[in-house]
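The values are calculated or read from the model by the stated rules, or taken from the named source; none is laboratory data. Everything quoted here is computed from the prediction, not taken from an experiment. Backbone-built Cβ (ideal geometry, glycine too); neighbour counts: all protein chains shown. With ligands, DNA and RNA removed, areas are computed over all heavy atoms of the protein, side chains included. Shrake-Rupley method; radii C 1.70, N 1.55, O 1.52, S 1.80 Å.
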Amino acid sequence: MTKTSNQSTYYPWVVVGLLWVVALLNYMDRQMLSTMQSNIALDIPALRNAEAFGALMAIFLWVYGISSPFSGAVADRISRKWLIVGSLGVWSGVTYAMGLCDDFHELMWLRGIMGISEALYIPSALSLIADYFTGKGRSLAIGLHMTGLYCGQALGGFGSLVASTWSWQETFHWFGIIGVAYAVILIFLLHEKSGHGTMKATASGKNARTPNKESVIRSFAVVFSTMAFWVILFFFASSSIPGWATKNWLPTLFHDNLNLSMEWAGPMATLTIAVSSFIGVMVGGPISDRWVRKNVKGRIYTSAIGLAMMIPALVFIGLAHNAWLSILAGLFFGIGYGMFDANNMPILCQFVSSRQRAMAYGFMNSLGVIMGAITTQLLGSLAESVGLGMCFALMGGILLIALALQLTLLKPKYDDKDMETEASSATNEAAETATV
């Protein structure tokens, strides 16, 4: 029998490749505004005010963070393909429309809309990839997808250069057009995993199916009654603090500690983290996928190694005043972060059913972004009193607590929560049969 695209052995990797491009556009479109501030301010004078620009950047983070849990709940119940296509189309349309703006308030409204549309993407994409990779290759596949975010972040850093070559209006227009065109391509090439949202397999037989009618409230209750999820939520939020700090403040730290101009400090910070995170994914993904076959805690141990690498790296990033030592510490941090990042969704799969994964990751994503917004503002206020470098070093202490909780409290029984559910159902059926 001819295999469909849903059944073929290679199509899951096609999904990763298709979504990698979407991930790149996701981060690049949101990042461009920050690098083109001076270009846009020539036509919209309000952006010359630091407080106004900060509010413009913050509105995206707050709307994105608030929307993420609800977008995940939606992704658990309807086609993730159409959520991905729709969200890409909307935020790309917003990107195009930003090139038409001549008023600060118009930009504020559009950034808010972008926050909602982009929030729909990550929970949908990661849960779709997790469903296509049940066990073998899951960490590598999710990690590869996350490198699209890193690349998008790095490319977004060149927005000012592109805007200087063309104009900031044309830059927004062209990237908006590219995103809309790619959304059309996904309509034909991206496919939902069969059975998602309405049906689930039972333990009694391959062809036995039952409707999945779990309410949103019930899903919330199931996820938040699981102690393991609270632990995962804590170490994800903890890692988001230095993660967002490096995105938003590392160029400034390199500028201050190393006496570099921002023209050098910016690319040095961005590329160091992006390249090393990619290496971390390529190392941590395969290690996790192999280790979990021998030990069910293999993914947790791989993630813990990544966290452990980030702790001393943050200390040296914050306190070093030598360029080579700072770069080495940045590389060490990025590799650890990549190993950690590649295993967040796979670890979540060990404790949360496929029926609630998008919603659960939506909450994680929401808390991570909110922590990013708080951290970005807090570092700004502490930079002079405590020192930006000391703040980076102290973040290592938070990760140390997260590492201890991760290693002591997370005790999975299977590599996939659905396997545990099926095993339990099979045991109950056998017991009922024996009783009869």
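Residues that are part of a loop (DSSP other than H, G, I, E, B) and in contact with a helix residue (DSSP H, G or I) (Cβ under 6 Å, 6 or more places away or on another chain) within segment 153-169 comprise just one, G157.
Taking residues in segment 370-387 that are part of a helix (DSSP H, G or I), and partners anywhere that are open to solvent by 80 Å² or more (accessible area, probe 1.4 Å), the pairs with Cβ atoms closer than 8 Å and at least 6 places apart or on different chains are I370/W62; A373/W62.
The C-beta contact set for segment 131-150 (first residue in contact (Cβ under 8 Å) with a residue 24 or more places away in the chain, second residue polar (S, T, N, Q) and open to solvent by 20 Å² or more (accessible area, probe 1.4 Å), distance under 8 angstrom, 6+ apart or interchain) comprises D131/S354. Of the residues making up segment 1-16, those that are open to solvent by less than 40 Å² (accessible area, probe 1.4 Å) and either touching an Asp or Glu at 6+ places or on another chain (Cβ under 7 Å) or at pLDDT 90 or above (or both) number 4.
Of the residues A228, A201, A208, the single one that is at pLDDT 85 or above, open to solvent by less than 50 Å² (accessible area, probe 1.4 Å) and on the phi < 0 side of the Ramachandran plot is A228. Among the helices (runs of 4 or more DSSP H) confined to segment 268-365, the ones with at least 2 residues that are of a type outside the set (F, W, Y), over 18 Å from the mean Cα position of the chain (by Cα) and surrounded by fewer than 24 Cβ atoms within 10 Å (Cβ to Cβ) are located at 298-319, 323-341. Among the residues of segment 238-254, just one is of a type in the set (A, V, I, L, M) and open to solvent by 10 Å² or more (accessible area, probe 1.4 Å), namely I241.
Results for (1) out of contact with any Lys or Arg (no Cβ under 8 Å at 6 or more places or on another chain); (2) modelled with pLDDT of 95 or more, shown as yes or no for each residue.
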| residue | (1), (2) |
| --- | --- |
| A119 | yes, no |
| A125 | no, yes |
| L128 | no, yes |
| D131 | no, no |
| S139 | no, no |
| G143 | yes, no |
| T147 | yes, no |
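Report, by residue number, each residue of segment 367-386 that is modelled with pLDDT of 90 or more and open to solvent by 10 Å² or more (accessible area, probe 1.4 Å).
L367
Filtering segment 237-261 to residues that are touching a Leu at 6+ places or on another chain (Cβ under 7 Å) and not small (G, A, S) leaves P242, W249, T252, L253, F254, D256. Against the test of being within 28 Å of W20 (Cβ to Cβ), open to solvent by less than 80 Å² (accessible area, probe 1.4 Å) and modelled with pLDDT under 85, the options H191, H196 yield a single qualifying residue, H196.
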